[in-house]
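Let me begin by presenting the structure, written as structure tokens, before commenting on it.
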Amino acid sequence: MADVTIDWDRCIHSGMCTTIAANVFGMGPDARLVVLHHTVTGADLDSVHDAAACCPVDAIGVAAEG
């Protein structure tokens, strides 16, 4: 289990993460990133790690809970 964080000062709302981890990230009606789940496990955690690795501005953080 891990907590997902976004550095909103860095995020450019490219949407890359919404494609890679669609269960965790989405786009709001204003075309800005929305975090759908702040705590993730299993396959969603794997997807968040992939999204973090692909984020063009390194705005996604993943911290192990506990």
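The values are calculated or read from the model by the stated rules, or taken from the named source; none is laboratory data. Predicted, not measured: the structure shown is a model, and the values here were computed from it. Heads up, the Cβs are rebuilt from the backbone with ideal geometry, glycines too, and the neighbour counts pull from every protein chain shown.
Before moving on, here are some points about what is shown:
- Scanning the range 38-66 for residues that are at pLDDT 95 or above, surrounded by fewer than 15 Cβ atoms within 10 Å (Cβ to Cβ), at negative phi and part of a loop (DSSP other than H, G, I, E, B) turns up His38, Thr41, Pro56, Val57.
- Residues of the range 7-25 include at least one that is surrounded by 14 or more Cβ atoms within 10 Å (Cβ to Cβ) and in a strand (DSSP E or B).
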